[in-house]
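Remarks on the structure that follows.
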Protein chains: 2
Amino acid sequence: MSPTQAIILTTELIPLGTASAIPAQGRHLSALAVQRQGAVLLFDCGEGTQFQLIRAGLKRSRIDAIFITHFHGDHFYGLMGLLSTMALLHRTEPLTVVAPEGLEAILGSLPGLVNDGLPFEVHFVEIAKGCDHAIVAETEVYTIEAQPLQHRVFTIGYRYQEKPRPGHLDVEKARAMGITDYRYYRDLKAGKAITLPDGRTVQPDEVVGPPQPGGSFAYVTDTQPCEAGIALARKVDVLYHDATFGQDLRGRALDTGHSTAREAAEVARRADAQQLLLGHFSARYKTLDTLVEEARAVFQNTEAAEELKRYVLRET
Amino acid sequence: MSPTQAIILTTELIPLGTASAIPAQGRHLSALAVQRQGAVLLFDCGEGTQFQLIRAGLKRSRIDAIFITHFHGDHFYGLMGLLSTMALLHRTEPLTVVAPEGLEAILGSLPGLVNDGLPFEVHFVEIAKGCDHAIVAETEVYTIEAQPLQHRVFTIGYRYQEKPRPGHLDVEKARAMGITDYRYYRDLKAGKAITLPDGRTVQPDEVVGPPQPGGSFAYVTDTQPCEAGIALARKVDVLYHDATFGQDLRGRALDTGHSTAREAAEVARRADAQQLLLGHFSARYKTLDTLVEEARAVFQNTEAAEELKRYVLRET
């Protein structure tokens, strides 16, 4: 492995639960992990998510933030147990929890949670009804954006957007210029000019290519197909979208505030997404082939999200 | 199968979760099902209990009552999801939920549960602090008794006591007397005299033995060893008892309000129980052999409760 390859980062998406409403057909309740360098972001936290994290080999201690879409039990009843377990594992690092307004009050009503004193701080970011767009989390690495979707209750969709990464360093060219020290590579990739021992100055753009766009991912569930979903999914690498029913049950999807697989594909197409992962499957579907087929007719690069599979966000 | 065998009923105990506090070593959070003729009683309902019910082949729709010991998350965070699932499965039969006082208020604070209208009635039986003994459920078949245990928070232990069953009918003797119709057997076993077509009257005690004592079971966790635990376990067929630690960690057991395996065995011996199932194991124990050994030195008929195994309460 060359020094430059060593700092290439891969972001993985790991669906933990793809069932809607009730666990069935071996599928679990809603949750999806985004992992980058071992750090984890969690989208939704249905009952049993802490067990799925163990199965996926993801460390509960490495979760930095949790994003809840809405207050139907299958999307957040695992949060209480996960917080309890973090406390029992002696977590001290603060945890960010983003959710529709009301979550802190809900958790505060449960004995032992939050109010009775977890050993770590929970930083609640609550999204008020009526808010139509917000940046809910930002680090040096990524930004997370929220927009309300169209469901039976107030529901938030999220977009995870990594910031541009340094361009590729042309190692061959650098070596030919006599640059061999790893510390020079690091500085050049960070955009800094270097001065070699022989007095020559090298500008970054002499050996480093243009910045690479960051990976992006949209988590759009539970919802009818809607403009906010399309906006969140604009040109993303991966869109995870509600596909509770097949198109033959479009009426039922409309009644319950969900999407069909075909509608999910239409969102992916209109958003110009790279890849679509269908999720939140009704318990009635033992196999998912028909849902995938109907979606592929509209948007070819579609898969049914498979629990515990690791999807690479963007090959770098 | 003879007609009399057909009405023999077997009660099974099915541990669903034997971990303490956090899921570990492949063990799940606290729950134990008692099944009789397909009807299920549930003792505790830690997160993920609804998944364990599926694995155990127990119908969620057949749960008549749920008994919660205390409000530590690992004993009741599965209740919210289970109630939601029952609602989504269109349950209409009422459900009894027995717990320390406060549960209805806790559940009422969660969106969609209880107050927002489940499609079935939840009949809450809440045990007030200070109450030192109560009959919390009674049917034609069984009685359930509650007593407070000794834990860090208000915690209830339960005893499931079946009522005496009709004595064995001596089919050989009945046939010799010319009684062959199944309906006569049923009446005789129910304690009714019968009149045969030839005019003879037969009293039940001519062909039916004395009533059989009903099976019994005590669920005693989480707790230090205590007199209430012994009283609940008096001569039971099976005692499930907190055995979080080994005797070498007795100090830690005392600090956290738990029992050691040896202490669980002492409770079983003093209560004159038939069988002891150890449970609620600390995550530190990868295997349970040492806990079982230390308990057997005090009470021979001891096992480490095995999840999803079916323990017959009493061979009949």
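The values are calculated or read from the model by the stated rules, or taken from the named source; none is laboratory data. Just so it is clear, the model here is predicted, and its values are computed rather than measured. Methodologically, a virtual Cβ is constructed for each residue, glycine included, from the backbone with ideal geometry; neighbour enumeration extends over all protein chains shown. When the accessible area is computed, the model is the full protein with side chains, heavy atoms only, and any ligands, DNA or RNA have been set aside. Shrake-Rupley method; radii C 1.70, N 1.55, O 1.52, S 1.80 Å.
For the stretch B:197-222, a residue qualifies if it is in contact with a strand residue (DSSP E or B) (Cβ under 7 Å, 6 or more places away or on another chain), surrounded by 12 or more Cβ atoms within 10 Å (Cβ to Cβ), modelled with pLDDT of 90 or more and not aliphatic (A, V, I, L, M), and the qualifying residues are B:214, B:215, B:216, B:217, B:219, B:221, B:222. When the residues of the stretch B:147-162 are filtered to those that are in contact with a Gly (Cβ under 7 Å, 6 or more places away or on another chain) and under 14 Å from residue B:242 (Cβ atoms), the one that is modelled with the lowest pLDDT is B:152.
In this structure, does residue A:229 turn out to be modelled with pLDDT of 95 or more, touching a helix residue (DSSP H, G or I) at 6+ places or on another chain (Cβ under 6 Å) and under 23 Å from residue A:163 (Cα atoms)? Criteria met by residue A:229.
When residues in the stretch A:72-102 are screened for being within 20 Å of the chain's Cα centre (by Cα), open to solvent by 30 Å² or more (accessible area, probe 1.4 Å) and within 11 Å of chain B (Cβ to nearest Cβ), 1 of them pass.
Among the residues of the stretch A:239-254, those that are more than 11 Å from residue A:279 (Cβ to Cβ) and under 25 Å from the mean Cα position of the chain (by Cα) comprise A:245, A:246, A:253.
Which of the following residues is open to solvent by less than 10 Å² (accessible area, probe 1.4 Å) and under 18 Å from the mean Cα position of the chain (by Cα): A:134, A:65, A:56? Result of the check over A:134, A:65, A:56: A:65. Within the stretch B:1-19, being at pLDDT below 95 and either of a type in the set (Gly, Ala, Ser) or open to solvent by 30 Å² or more (accessible area, probe 1.4 Å) (or both) holds for B:1, B:2, B:3, B:5, B:6, B:7, B:8, B:9, B:10.
Only one of the listed residues (B:152, B:159, B:165) is open to solvent by 20 Å² or more (accessible area, probe 1.4 Å), of a type outside the set (Ser, Thr, Tyr) and within 14 Å of chain A (Cβ to nearest Cβ). That residue is B:152.
Just so you know, in the stretch A:108-118 the residues that are surrounded by fewer than 18 Cβ atoms within 10 Å (Cβ to Cβ) and not in a loop (DSSP other than H, G, I, E, B) include one that is nearest to the other protein chains (Cβ to nearest Cβ), and it is A:108.
Taking the conditions (1) within 11 Å of chain B (Cβ to nearest Cβ); (2) open to solvent by 30 Å² or more (accessible area, probe 1.4 Å); (3) outside any helix (DSSP H, G or I) in turn, residue A:105 satisfies each one other than (3). For the stretch A:224-232, does any single residue satisfy the condition of being free of Cβ contacts under 8 Å to residues at least 40 places away in the same chain and under 27 Å from residue A:132 (Cβ atoms)? Yes, that holds for at least one residue. Can you tell me which of A:144, A:127, A:194 is in contact with a strand residue (DSSP E or B) (Cβ under 8 Å, 6 or more places away or on another chain), outside the structural domain of residue A:102 (by TED's automatic domain parsing) and open to solvent by less than 50 Å² (accessible area, probe 1.4 Å)? Just a single option satisfies the conditions, and that option is A:194. Taking residue A:260 as the residue in question, decide whether it is under 30 Å from residue A:34 (Cβ atoms) and not assigned by TED's automatic domain parsing to the domain that holds residue A:135. In short, yes.
Hey, does the stretch A:52-71 have a residue that's of a type in the set (Gly, Ala, Ser), touching a helix residue (DSSP H, G or I) at 6+ places or on another chain (Cβ under 9 Å) and within 7 Å of another protein chain (Cβ to nearest Cβ)? For the stretch A:52-71, residues of a type in the set (Gly, Ala, Ser), touching a helix residue (DSSP H, G or I) at 6+ places or on another chain (Cβ under 9 Å) and within 7 Å of another protein chain (Cβ to nearest Cβ): absent.
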